[in-house]
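S.K.: One structure is given below, represented as structure tokens, and several questions about it will come after.
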Amino acid sequence: MNMSRNTDLYLPDLGTLSRESVSKRLRLRVSCDAILRDELQSIHRNAYYHLLNGLIGCAAFWDGLTVSKAALENFPKNADILEMRDNLKEGFLDRHNGLESLGAREKDLVSLTRTGKIYQKKYPWIDPELYLRTPGLVNAINRIHFKGNCEVRSVVFGPRKGGPVKEATRGQKDVGPLGIFATRDIAEDEKIMVDTSITGTSEISPSKLEHCDACHATLCPPYMHFANIIIPDCCNEVAYCSRECYERAKYGYHKVLCGKSFDWLYDNPEIQGKKGAGSCWRPILFLRVVAVVLGDFRRNNDLLDQHPLKHPLIARMAANYPPPGKIQPEIAHDWQFFENVVAPNRILMQLGIDIFTDPKWAPEVIQTIYWRMENNANMAVTDLTPSGAKINMVNLNQNYLFFNHSCEPNVSWHGAVPDGNVSVDWLKGMNGEIIKPGCSAVWCSAARDIKKGEE
């Protein structure tokens with residue numbers, strides 16, 4: 001939601017009210033359980049009221065109707081909850097009838113009517129430094145990842161005014177928009193980048209052992225021989241396509257996930273929806289991103305000091321915020337209570353984060369990470385599965401994301417191999433090596449000759 005951080009203006013601190021109820025009872029030595037029960041019921045009722053009010057504000061009518069049903073089971077005659085239930089029903093029917101009148105297909109009506117909307121804006125109470133991409137970050141990215149024919153630099157968008165466009169000053173604290181520039185002349189069809197990733201996910205749970213839990217390469221024959229698959233002894237719940245992938249996971253994010261089952265993310269009807277309603281890719285990708293972040297923090301012993309928005313994986317991403325000074329964004333973004341609130345908080349709690357006391361994982365931080373993922377993730381479809389069914393993949397390729405859009409592109413790219421009939425050339429790496437099919441890599445090649453210094 002996009003309201004002032006001064007929540008006293010909007011809703012009470014329900015935790016404080018609970019503590020006050022208990023302390024009042026102890027202070028007055030009240031022995032009657034009925035008094036305390038009434039006070040806690042009042043807090044429970046207020047919690048439902050403010051939640052429903054927020055869902056109405058997000059136009060999450062279906063979510064609101066679901067919550068109001070639960071609320072009325074506890075408070076069947078509450079006038080405020082009944083009124084909000086009616087308002088939610090009216091909003092839901094208006095949207096449904098409006099979409100139907102516009103000719104929406106029946107299979108689309110379910111998903112379109114079960115999604116709320118919010119506007120993407122910066123939270124003004126978040127420390128401004130957490131929004132910055134610094135020269136130090138860019139230098140580190142180039143030092144670690146870009147040693148070939150290109151590098152990341154600041155870029156200025158828009159028409160030239162009074163002369164050539166100059167690169168943004170590197171001495172500034174925030175480097176601004178970034179792009180990928182040629183460090184030498186690049187010939188047409190030359191590979192610019194093959195960006196492998198451990199932040200590639202799909203709608204298939206890793207516990208099914210159908211794909212590598214690190215690079216997402218298929219583990220199914222004939223693309224992978226069973227003898228080459230590595231299943232770790234620590235949990236036997238995931239598998240890897242190679243020793244390299246196993247080592248990357250073992251000494252990184254897997255320690256955070258080991259022994260914890262997240263199959264509820266893949267199987268829960270609340271998040272998958274009915275007949276296509278809802279989506280699961282945001283919380284599934286959020287799980288992997290958070291596991292990478294926590295794994296790095298714990299390995300470096302700075303879990304208590306470091307903020308997740310400062311981790312290089314998250315800090316390098318920018319959200320698609322409206323221009324400064326624009327009061328209202330033009331486009332609203334899909335939002336669901338379970339997907340955007342319940343699922344990420346449940347993930348964090350399962351990973352040992354106390355969401356009630358740790359401000360580094362506050363709701364606005366979670367939503368900021370969601371916005372950055374939405375603006376930088378890319379999607380693909382592949383059918384390299386035992387059943388041959390098509391599965392949807394979502395990859396967060398940490399270097400490919402620096403490419404900017406152009407209506408006259410000089411770079412062509414492709415992601416996951418869609419099926420087993422494509423040429424092996426699709427899988428060649430920067431040095432001609434073959435990268436395993438079904439993985440989350442992105443291949444980028446020059447669509448024409450590119451001059452040194454050209455974006």
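The values are calculated or read from the model by the stated rules, or taken from the named source; none is laboratory data. A quick note: this is a predicted structure, and the numbers were derived from the prediction, not measured. As a convention, Cβ positions derive from the backbone with ideal geometry for all residues, glycine included, and neighbour counts pool all protein chains shown. Ligands, DNA and RNA are stripped out before the accessible areas are found, and what is left, the full protein with its side chains, is counted by its heavy atoms. Shrake-Rupley method; radii C 1.70, N 1.55, O 1.52, S 1.80 Å.
S.K.: When only Cα pairs under 8 Å and 6 or more residues apart are kept, what is the percent relative contact order across the chain? Could you put the intermediate results ahead of the total?
M.R.: Numbers: 664 pairs, mean separation 90.5, N = 455.
Answer for the chain is 20 percent.
S.K.: Long-range amide H contacts for Ala60: which residues qualify at under 5 Å (H placed 1.01 Å from N, peptide plane, sequence gap of 5 or more or a different chain)?
M.R.: Residues meeting the criterion, in which the H sits 1.01 Å from N, are Lys117.
S.K.: Straight-line reach from Lys436: which aspartates and glutamates fall under 18 Å, measuring Cα to Cα and dropping same-chain residues less than 8 apart?
M.R.: Result set, ordered by chain and number: Asp195, Glu210, Asp213, Glu244, Glu247, Asp383, Asp419, Asp425.
S.K.: Ignoring everything but the protein chains, give the 1.4 Å probe accessible area of Met349 in square angstrom, nearest 10.
M.R.: Probe radius 1.4 Å; accessible area of Met349 about 100 Å².
S.K.: Any idea how far apart Lys147 and Arg298 come out in nm if each label point goes 7 Å out from Cα toward Cβ?
M.R.: 2.9 nm
S.K.: Using alpha carbons only, how many degrees (0 to 90, rounded to 10) separate the axis of helix 363-376 from the longest principal axis of the chain?
M.R.: The answer is roughly 30 degrees.
S.K.: Determine the order of His311, His145 by accessible area, beginning with the largest, at a probe radius of 1.4 Å. Each step should come with its number before you reach the end.
M.R.: On the way: His311 15, His145 65 Å².
Accessible-area ranking of His311, His145, largest first: His145, His311.
S.K.: At 1.4 Å probe size, put Val341, Val256 in order of accessible surface, largest to smallest.
M.R.: The most accessible residue leads, giving Val341, Val256.
S.K.: Helix 14-28 versus the longest principal axis of the chain: what is the Cα-based angle in degrees, 0 to 90, to the nearest 10?
M.R.: Once rounded, one gets 40 degrees.
S.K.: To test your reading of the geometry: what angle, between 0 and 90 degrees and rounded to tens, separates the Cα axis of helix 135-145 from the longest principal axis of the chain?
M.R.: It works out to around 50 degrees.
S.K.: When a/c reaches 1.5 or more, the comparison of a/b and b/c decides; with that in mind, is region 29-165 rounded, prolate or oblate per its Cα gyration tensor? Spell out each step's value before the answer.
M.R.: Details: a/c = 3.46, a/b = 1.73, b/c = 2.00.
Since a/c reaches 1.5 but b/c is at least a/b, the shape of region 29-165 is classed as oblate.
S.K.: Sort Phe356, Phe402 by heavy-atom solvent-accessible area, probe 1.4 angstrom, most to least.
M.R.: Details: Phe356 165, Phe402 5 Å².
Of Phe356, Phe402, the descending order of accessible area is Phe356, Phe402.
S.K.: Using r as the Cβ-Cβ distance of Lys250 and Lys360, and R0 as 35 Å, what FRET efficiency do you calculate, to the nearest 0.05?
M.R.: Computed FRET efficiency for Lys250 and Lys360 comes out at 0.85.
S.K.: Can you give the charge dipole size of the chain about its Cα centre, rounded to the nearest 20 debye, using +1 on the beta carbon of Lys and Arg and -1 on the beta carbon of Asp and Glu?
M.R.: 920 debye
S.K.: At 222 nm, what value in deg cm²/dmol follows for the chain if DSSP H runs of at least 4 each add -39500 (n - 2.57) and the sum is divided by all its residues, to the nearest 500?
M.R.: Taken over the chain, the calculation gives -11000 deg cm²/dmol.
S.K.: Let me ask something else. Students often forget the sequence filter, so: which aspartates and glutamates lie under 12 Å Cα-Cα from Lys69 once same-chain residues fewer than 8 apart are removed?
M.R.: Of all the aspartates and glutamates, those that pass the test against Lys69 - Cα under 12 Å, at least 8 places apart if same chain - are Asp86.
S.K.: With an 8 Å cut-off on Cα pairs and a minimum separation of 6 or more residues, tell me the relative contact order of region 303-455 in percent.
M.R.: Values: 140 pairs, mean separation 30.0, N = 153.
It rounds to 20 percent for region 303-455.
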